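All remarks here apply to the structure that follows.
We did not get these values from a lab; they are worked out from the coordinates using the rules stated. None of these values were measured; they are calculated from a predicted model. Here the Cβ is made from the backbone with ideal geometry for all residues, glycine too, and neighbour counts use every protein chain on show.
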Amino acid sequence: MPSFATPLDANTIVDIALLAMLAVIVVAVARTRSLLTAIILTSVYSFISAVWLVVMDAADVSFTEAVVGAGVSTIIALGAILLTRSECSRIPWRETLLPLLLVTVTGGLLVYAALDLPSLGDPSAPANIYVGRLYLQHAEHDIGTPNIVTAVLSSYRGFDTLGETTVIFAAGLGVALLLGFGERALQDTPRPSMAKMAESGQHVVLRVSAKMLIPMISIYAFYVQFHGDLGPGGGFQAGVIMAVAIILHALVFGLQETMESIPPQLARGLSAFGVLLYAGVGVVNLTNGGNFLDYDHLFPRIFEEGLPDSHLVGGHHIWGQHFGILAIELGVFLTVASTMVTIFYAFAGRAPDLSPHGEG
Amino acid sequence: MSFLLGHFNYLIVVFLMMGGLWITFSSRNYIKRMIGLALFQTSVGLFYISLGKVAGGTAAIVLDKTSKAGEALNAHLSPDYVARAGVDGVVYSNPLPHVLILTAIVVGVATLAVGLAIAVRVREAYGTVEAGEIAELDRTEAGPRA
Amino acid sequence: MSEVVTWIGSSLAVAGALAAIIGSLGVIRFPDFYTRTHAASITDTGAATLMILGLILISGWSVLALKLAIIWAFIMLTSPTAAHALTNAAYGAGERPQLGPWRLFDRDRKEAER
Amino acid sequence: MNAFIDFYAAPPGLTAHAAPLLVIGPLIAACAAALSPSTRSAWMISVGGTIFAFWMALCLAGEVARNGVVNYYMGGFAPPLGIAFRIDALGVMFALLISGIGVMAALFSGHTLEAEIMKGKRRLYQSGFLLCVAGLLGLSATGDAFNAFVFLEVSSIGTYALIGVGVDRRALPAAFNYLVMGTIGATFFVIGVGFLYAATGTLNMADMSGRLATLGDSRVVEAGFAFIVIGLGLKAAMFPLHGWLPAAYAYAPSLMGVFLSATATKAALYLMARFLFTVFGPHLDFVGLFLTWVMAPVAGAAAIICSAQAIFQTDIRRILAFSSVAQVGYIMLGVSMASAEGVSAGLFHLFNQALIKSALFMALGGLAFNIKATKLSDFSGVGRTAPWTMTAFAIGTFSLAGVPLTAGFLSKWRLIEAAFAAHWLWAVGVIAVSSLLGLIYAGRMLETIFFRAPVSEERAGEARFGVLVPLWILAAASVWYGLDASLPVDLSTAAAQALGLAPAGAAP
């Protein structure tokens, strides 16, 4: 096996520069006592890591990190500090000693092992020559989608993705259990912050551009949804983008307005329905004689035989895979979008019945 | 030098992970701890992605080597290397870590949402999100606890 | 020919990057909230325009160019709106712009700090 | 596993897919419960879903008894490309345990949720409970390392919220700490899996194990091992990483106390045993060293220190929670012997503990209608006013303390035997001392409950019928297995064999 040295090319230089930025941000987050600053810096962290992920060829991950880390996480965290407080207390230096020890030991262990890893970018590293390479060789034939990440995500490891969708569903459930569905916002009289925005003529610029943006964002969400086979994207990213469009609507036009068009019950129901749809596809595969989530058996045998280029008559068996992936991506989309909206409703609808600036 | 270049990523990523972990361990504020946890989880993602990078590779979206983009990609690489590291004449980065980290990011945001929701409830129940003050309130208001 | 276009494109992209750096200098150096936001937002759109123009030139006529143009339109729509919303909110919250000559303001601030 | 060999619980078409249905059944039930129109229907779905899972676990038990190992390829892709479920005797034992306790907890939940959870949220609560069941079952069935992480999170994410929602506000910080520690644990696990992936290039556990055997030792593998053990140790509340557990179990709504105390830490222990013995294997030097010099002393310390801590608790649920950590110590002690006897004794103890702990929490939860407080002193004399509930509680406590004729006695006895066989005399001493401490806190609870005068006569009544049924099933089971332990012994011996540990005296 020929030895490999990481080349010092443009890629590597950009990689080093971005990682250095990330390191600076982590230090800044650790040092600041303002939670608002920490949250914005975390958002920046996510954004820069999204750029770094593109350098590392992880386009899908980058996309997800940008919409989730820099987008939705930030919104949730800002909602949380609005409901709690925006400063954290100073930590006495004595109390930092034990954490420092733990972190040093853990970090030491990590460095100890990391220096034994193959060099960055080594094509003959064990991680890169076995399963990963098999996917690259077989995905187009087995699944038929050019985006191999999508192929692996929704077909080879589709069961993981079912679990991931369930995790999101569970998170929506948990947040709803803890904070409700924003029902307070529906019961109470119009909330000043939201109502002022919607009624006074002050925010006319915001409202006009929001009216232009929301349809654009929604269309983009569908583009990402259906383009996921060909390029970066898929149900998860699309769901988050769709949720962002709805959240934008709520921010500009008021929570009540949004809740009237998308009631919390609907959002909650759809998030369960998405998981059901995903699991349902798997069960349909079972009843058609395949294994769970084997999309080759998505259609009954009789129907499949009638299709052109069917795998049953020796062609590519992409029909079942294609529609199976579409169906489960739709399930993911529904669950993610409606769960994100549920979570937003829960945080935004939780009226700050305490004073907004903490008890200080 | 080339060793450092090849392991620079891992060292920085370890630093990032430990930064997140340190924030989680050392902070007494619930929100700050969640931020630290989010950083920690994101950084673990960066670790995985570093494992899957292949030098001179491209994102794992099937590319025709005769297309314009394919030719542009292969222009910088020796044919020998492409033959060794590539699939059908194009070098791709390993897609498997990408898939895993997509899942992990989703898990991360789910954890963040639930954790912050708990923090909001703690604030409503105790009036504070500082661990020290909460422990103090539990001691004084709920009677002695072992 | 394509060589030249690529060079022009690259220099436009570099110019955009420089504009972004200048903008961030402004964010650090300008005296009050409004001028800082101004610096951030105007260079944001300006830098993005230059960069995207450069990238369109590099990529040539393709779907990619169209996508870049759409991204540009999106930035032109969102970035000023965001700046507007930000300053509007700040004004609503009682933040007032610092008026008067620069030096004077600088002195005022130092006195206030003392 | 002989008990299951002639066991055909379902038509073959269903049995062939029992592995995914084991997980998907409760998962679909969880969605249905969230969508269901009323609390009552959600409860029925919950009972139905867990019974379905138990049925599937029985089908799998039959299959495993006949064929040894059940392999199921998700999506029809054989590993290493696809995710595979790999269910052997050990997995079946946990699937049976988790789904069985799940059925009992679901039966129990009908009444207790009314007392503890707000009206509009009970459906969601049932849904979250079912997700937790599905996640833990997935954990016991999966043969893929990263899939295990996903199931770890499926079972945890909802749980954090379910612990926090209740009448006691102290549950909230407890849930938060659990969330932070649980997430760090799961993330450590992911780091460990990442190292193993870097070394082997695969995520399938069986494949990983095969490649590790040829690769041998390296720093990457060692670190992977360390992170996986620490991460799962956090999840399993392995001493000294157990800080989050007592508060989380003590203040959680009683359904969570019943279910989690019996299953959640146990599932993490299962996964750890899986990694220790099948992925790594005691033939690797560092695994053997770890078992003997780290895990065994730590387990012994847990058994003694946490039993002692349990004595000094004033809150009755905290007594049980500390006792849980101590019992994890016993189980770990058995596992760290790395012998067939030790591991099977540890698993037998785990089985008994699951039954006992859920029965005890169930008895306390059943009384939560009548007694709002949870301090031990509030329970004085309850044994007279609620004899049925508290007799079951007493049976559980006897078994916990290891009084002869109970299942708890048998499993401790087998542990001692295994320790003698391994020539670990200190372990025998540890078990003896810790059992003595166990007798003290058990005696203290029973003395307060049965022999003190009631605080106020009118408050403490019997638990409802719907609680008494599952409670007595569990109590009767722990008496029955004390008299005739053939089923759990059979299960745990087969499970230890499935880990590749042959009994020392067995003929080849």
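Kirkwood Rh over alpha-carbon pairs of the stretch C:2-113, then Stokes-Einstein at 37 °C and 0.692 mPa s: what D in µm² s⁻¹, rounded to an integer?
Answer, rounded: 206 µm²/s.
Could I get the Rg over Rh figure for the stretch D:211-264? Both from C-alpha atoms, Rh via Kirkwood, rounded to two places.
Using only Cα positions, Rg/Rh for the stretch D:211-264 is 1.22.
Quick check on chain A: take the gyration tensor over C-alpha atoms, sort the square-rooted eigenvalues as a ≥ b ≥ c, and tell me if it's rounded (a/c under 1.5), prolate or oblate.
Cα axes put chain A in the oblate bin.
With runs of 4+ DSSP H residues as the only contributors, calculate the mean residue ellipticity of chain C at 222 nm using -39,500 (n - 2.57) per run, divided by the residue total and rounded to the nearest 500.
-30000 deg cm²/dmol
Before rounding to the nearest 500, sum -39500 (n - 2.57) across all DSSP H runs of length at least 4 in chain A and divide by the residue total; then give [θ] at 222 nm in deg cm²/dmol.
-22500 deg cm²/dmol
Can you tell me which of B:Ala75, B:Ala117, B:Ala60 moves the most in a GNM of chain B? Springs connect C-alpha atoms under 10 Å apart.
Taking springs between Cα atoms under 10 Å, the residue moving most is B:Ala75.
Would you mind checking D:Lys266/D:Lys412; B:Lys32/D:Lys266; A:Lys211/C:Lys67; B:Lys32/D:Lys357; D:Lys235/D:Lys412 for any pair whose Cα atoms are more than 26 angstrom apart?
Over 26 Å apart, Cα to Cα: B:Lys32/D:Lys266; B:Lys32/D:Lys357.
Which Cα, out of A:Gly282, A:Val105, D:Ala78, lies furthest along the positive dipole direction of the protein assembly as shown (beta carbon charges, K/R +1, D/E -1)?
Value computed over the given set: A:Val105.
What's the magnitude of the charge dipole for the protein assembly as shown around its Cα centre, counting Lys and Arg as +1 and Asp and Glu as -1 at the beta-carbon? Answer in Debye, nearest 20.
Using only the charged Cβ atoms, the result is roughly 2640 debye.
By Kyte-Doolittle mean hydropathy of at least 1.6 and Cα axial length of at least 27 Å, which whole DSSP H helices of chain D are selected?
D:425-446
In what order do A:Asp15, B:Asp138 fall by count of nearby beta-carbon atoms within 10 Å, going from fewest to most?
Taking fewest neighbouring Cβ atoms as first place, the list is B:Asp138, A:Asp15.
Sum -39500 (n - 2.57) across every DSSP H segment of at least 4 residues in chain D, then divide by the residue count to get the 222 nm mean residue ellipticity, nearest 500.
-24000 deg cm²/dmol
For chain A, list the DSSP H helices whose alpha carbon atoms reach 20 Å or more along the long axis and whose average Kyte-Doolittle value is 1.6 or above?
Those that pass (Cα extent of 20 Å or more, hydropathy at least 1.6) are A:10-31, A:35-55, A:235-253.
Are there DSSP H segments in chain B that both extend 20 Å or more along their axis (alpha-carbon positions) and score a mean Kyte-Doolittle hydropathy of at least 0.5? List them, or say none.
In chain B, the long hydrophobic H runs are B:2-26, B:30-52, B:95-126.
Taking only the alpha-carbon atoms of the protein assembly as shown, what semi-axes of the equivalent ellipsoid follow from 5 times the gyration tensor eigenvalues under a square root, in whole Å, largest first?
Gyration-tensor ellipsoid for the protein assembly as shown: 48, 36, 28 Å.
Suppose R0 equals 25 Å; then what is the FRET efficiency for D:His423 and D:Ala308 from their Cβ-Cβ distance, rounded to the nearest 0.05?
Once rounded, the FRET efficiency stands at 0.40.
With a 10 Å Cβ neighbour count serving as the proxy for reagent exposure, in which order, fewest first, do C:Thr45, B:Thr111 appear?
The order, fewest Cβ neighbours first, is C:Thr45, B:Thr111.
When the C-alpha atoms of chain D are aligned to their principal axes, what extent does each axis show, in angstrom, from largest down?
Principal-axis extents of chain D (Cα, largest first): 69, 56, 45 Å.
Using a/c under 1.5 as the rounded threshold, could you call the stretch A:8-116 rounded, prolate or oblate? The axes a ≥ b ≥ c are square roots of the C-alpha gyration tensor eigenvalues, and prolate needs a/b larger than b/c, oblate otherwise.
The shape class here is oblate.
What does the charge dipole of chain D about its Cα centre add up to, to the nearest 20 debye, if the Cβ of each Lys and Arg holds +1 and the Cβ of each Asp and Glu holds -1?
The dipole magnitude comes to about 1080 debye.
If you count, for each residue, the other Cβ atoms within 10 Å and average over each peptide, how do A:22-29, A:65-72 line up from highest to lowest?
A:65-72, A:22-29
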